[in-house]
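*Asks:* First the structure, which I've put down as structure tokens, then a few questions once you've had a look.
Just so you know, all these numbers are worked out from the coordinates, no wet-lab data involved. Note that the coordinates shown come from a computational prediction; the quantities given were computed from them, not determined experimentally. In this analysis, Cβ positions are derived from the backbone assuming ideal geometry, glycine residues included, and neighbour counts consider all displayed protein chains.
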Amino acid sequence: MITRGKWMTKRQRRQLAWSLRGVALLAVLAYLPGGRAASDGGRVRVEAWFNHPLLLVGGATALVVVSLVVELEFRTKWSQIGCAALLAPLVLAGALVVFLALALSGGTDQLERLTSPARPDRLVTVTNIDFIDPVYQIELRAGTGWSERHWDLGVFAGYGYSRTEWTGPNEITVVREDSRTVYTLDPATGRPDEGRKVSR
């Protein structure tokens, strides 16, 4: 960067470098609640907003690398060429990772949303999370707005999976070819138990 016809002073470079590191720290701090919300009982909206490790943690890493480069001084032509040669493959690799992550993020296909017959604020989602063979992730959501939380009921291979259904006001059953798994929900919070397997 040029200032008044000259390269930035050492102080300006240091200020810019620490500003970039500050933004990187904010990105990591933003990811922490999102990563925690992705676990069972986490808030759905917090996960949707902040559980983006590639963008937030990956972006923070890139900012730290850029800040280290900014802090260095490249006065000669060969040092500038060397810096560009070093950064070019890193930029290309980062762009490829972002592209693949965005492509993979669109691979899930939500197939069903089954609302509880007794509680409209509780529903079960069935999502196909595999590109090739069907693999179904069953998730329970309870609450609305910022209070909505989610629990993972399990991942089931598509060839043995049959259906998911509400079999009571506080009971969900995942039906497979050879067995059923029954989950009982806490009436107050909606939190499911670990499930019990029942032979068909």
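*Asks:* Roughly speaking, what is the stretch gain from residue 36 to residue 128, that is 0.36 nm per residue apart minus the C-alpha to C-alpha distance, in nm to one decimal?
*Replies:* 30.8 nm
*Asks:* Now a separate question. Would you compute, for the Cα atoms of the range 154-200, the largest minus smallest coordinate along each principal axis and list the three values in descending order, in whole Å?
*Replies:* Taking max minus min along each principal axis of the Cα atoms, the range 154-200 gives 35, 19, 15 Å.
*Asks:* Below 8 Å, C-alpha to C-alpha, sequence gap of six or more: please give me the relative contact order for the range 105-200 in percent.
*Replies:* 17 percent
*Asks:* Once you have the Cα-Cα distance between residue 69 and residue 193, take 0.36 nm times their residue separation minus that, and quote the gain in nm to one decimal.
*Replies:* 39.5 nm
*Asks:* Can you compute the FRET efficiency between residue 159 and residue 179 using 1/(1 + (r/R0)^6), with r the Cβ-Cβ distance and R0 = 22 Å? Round to the nearest 0.05.
*Replies:* 0.95
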